[in-house]
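The values are calculated or read from the model by the stated rules, or taken from the named source; none is laboratory data. Computed from a predicted structure; not experimentally measured. Here the Cβ is made from the backbone with ideal geometry for all residues, glycine too, and neighbour counts use every protein chain on show.
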Amino acid sequence: MSAKRSCHSGAELLSNVLSQKKQKNANYTLRAFARDLEIPPGRLSEFISGKRKVSKRMYNRLIEKLSISPSEARKVFDQALIEQSDSHFYQMSDDQFFTLADPIHFFILCLFDTEDFQSNTKWMAKRLNADVVEVKLAFERLVRVGLVETRDGVLVKRKKNIATTDQIANVALRKSHEQTLKHAEEALWTTEIEDRDISSVTMAADISQIPRVKKEIKKFRRRIMALLENEKASEVYNLNIQLVPVTRKIKENVS
């Protein structure tokens with residue numbers, strides 16, 4: 001584990017463990033937590049707030065004091081990251097998603113977070129390599145469904161992160177996935193290898209583990225977003241992860 005990784009995960013780990021302890025005992029304080037860890041309360045507060053970096057050596061000392069293994073600490077951190085990320089996602093209604101099933105709407109929303117963003121449809125179309133009319137219509141839909149609005153004369157995105165509901169209709173979702181897969185296929189031939197990563201692995205699989213694997217993929221997506229989404233964002237990327245069966249189930253007693 002790198003020192004940089006320890007700094008970030010240490011703060012998340014401490015914050016999540018403190019939260020868990022408070023849930024079990026409402027009277028449990030940060031001072032009590034510092035006492036248990038045998039470090040000054042002020043330093044613990046700085047660790048949790050991110051004002052002071054958690055070195056690799058300190059991180060190892062903390063998980064030892066917490067009586068958990070590095071792998072268990074990793075799980076706690078992953079769960080904290082997912083819960084934190086999920087709380088910042090706006091869940092679209094089915095009607096909104098039906099309207100915005102074409103991924104170009106999400107590409108436009110992401111453009112809002114780039115350093116050189118311009119609320120000009122011609123500029124957006126050029127950046128997305130898309131038709132100006134298509135972008136203009138998509139932008140108008142975003143305004144109509146309430147995901148983009150005007151504040152003090154400036155167009156802004158109302159929600160930072162957008163997600164679909166778990167029970168979204170299959171037809172709309174399939175249409176959206178189809179478009180993003182086509183985009184990935186085009187990138188295979190039009191994007192330089194240093195600007196993309198397309199790979200695959202084929203294996204015999206225990207399908208009873210698929211639910212667990214899907215949870216791990218969700219954790220991975222959240223970690224990638226945490227790495228890429230910051231004030232230095234300059235381009236819009238689309239991450240596709242495909243886990244699909246190659247074989248087909250065969251019914252018994254079929255000759």
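Does region 192-206 hold any residues that are of a type in the set (A, V, I, L, M), farther than 14 Å from Gln242 by Cβ and either within 24 Å of the chain's Cα centre (by Cα) or surrounded by 10 or more Cβ atoms within 10 Å (Cβ to Cβ) (or both), and which are they?
Ile193
Within region 207-236, restricting attention to residues that are assigned to a loop (DSSP other than H, G, I, E, B) and small (Gly, Ala, Ser), which residue is surrounded by the fewest Cβ atoms within 10 Å (Cβ to Cβ)?
Kept after step one, since they are assigned to a loop (DSSP other than H, G, I, E, B), are these residues of region 207-236: 229-236.
So of that shortlist, the ones also small (Gly, Ala, Ser) come out as 233-234.
On the way: Ala233: 16, Ser234: 8.
Residue satisfying both the conditions and the ranking: Ser234.
For region 170-205, which positions are polar (S, T, N, Q) and either modelled with pLDDT of 80 or more or assigned to a loop (DSSP other than H, G, I, E, B) (or both)?
Of region 170-205, the ones polar (S, T, N, Q) are 170, 176, 179-180, 190-191, 199-200, 202.
Selection gives Thr190, Thr191, Ser199, Ser200, Thr202.
How many residues are in contact with a helix residue (DSSP H, G or I) (Cβ under 8 Å, 6 or more places away or on another chain), modelled with pLDDT of 85 or more, assigned to a loop (DSSP other than H, G, I, E, B) and within 30 Å of Lys218 (Cα to Cα) when one looks only at region 127-169?
1
Are any of the residues in region 83-92 hydroxyl-bearing (Ser, Thr, Tyr), within 23 Å of the chain's Cα centre (by Cα), part of a strand (DSSP E or B) and modelled with pLDDT under 85?
Going residue by residue through region 83-92, those that are hydroxyl-bearing (Ser, Thr, Tyr) are 85, 87, 90.
Now narrow it down to the ones that are within 23 Å of the chain's Cα centre (by Cα): 85, 87, 90.
Of the ones still in play, those that are also part of a strand (DSSP E or B) are 90.
Next, only the ones that are modelled with pLDDT under 85 stay: 90.
Looking for residues that are hydroxyl-bearing (Ser, Thr, Tyr), within 23 Å of the chain's Cα centre (by Cα), part of a strand (DSSP E or B) and modelled with pLDDT under 85, one finds at least one in region 83-92, hence yes.
Is it the case that Ser19 is more than 21 Å from Leu227 (Cβ to Cβ), modelled with pLDDT of 75 or more and part of a helix (DSSP H, G or I)? Break it down stepwise before answering.
On the way: more than 21 Å from Leu227 (Cβ to Cβ): yes; modelled with pLDDT of 75 or more: yes; part of a helix (DSSP H, G or I): yes.
Criteria met by Ser19.
Do we have Asp113 as out of contact with any His (no Cβ under 8 Å at 6 or more places or on another chain), charged (D, E, K, R) and either closer than 30 Å to Arg144 by Cα or at pLDDT below 60 (or both) here? Spell out the reasoning first.
Numbers: out of contact with any His (no Cβ under 8 Å at 6 or more places or on another chain): yes; charged (D, E, K, R): yes; either closer than 30 Å to Arg144 by Cα or at pLDDT below 60 (or both): yes.
Yes: the conditions hold for Asp113.
Among Ala11, Ala32, which is at pLDDT 85 or above and not in a loop (DSSP other than H, G, I, E, B)?
Just one listed residue meets the conditions, Ala32.
I'd like to check something: does region 55-78 contain any residue that is modelled with pLDDT of 65 or more, in contact with an Asp or Glu (Cβ under 9 Å, 6 or more places away or on another chain), closer than 23 Å to Glu229 by Cβ and surrounded by 15 or more Cβ atoms within 10 Å (Cβ to Cβ)?
Within region 55-78, not a single residue is modelled with pLDDT of 65 or more, in contact with an Asp or Glu (Cβ under 9 Å, 6 or more places away or on another chain), closer than 23 Å to Glu229 by Cβ and surrounded by 15 or more Cβ atoms within 10 Å (Cβ to Cβ).
Picking from Leu147, Leu137, which residue would you name as being surrounded by 13 or more Cβ atoms within 10 Å (Cβ to Cβ) and over 24 Å from the mean Cα position of the chain (by Cα)?
Numbers: Leu147 fails: over 24 Å from the mean Cα position of the chain (by Cα).
Selected residue: Leu137, the only one of Leu147, Leu137 that is surrounded by 13 or more Cβ atoms within 10 Å (Cβ to Cβ) and over 24 Å from the mean Cα position of the chain (by Cα).
If you check every pair at least six apart or on different chains, which have Cβ atoms under 7 Å apart with a residue in region 1-29 that is closer than 15 Å to Ser49 by Cβ and among the polar types (S, T, N, Q) first and a residue that is surrounded by 17 or more Cβ atoms within 10 Å (Cβ to Cβ) and at pLDDT below 50 second?
Ser15/Ala80; Asn16/Ala80
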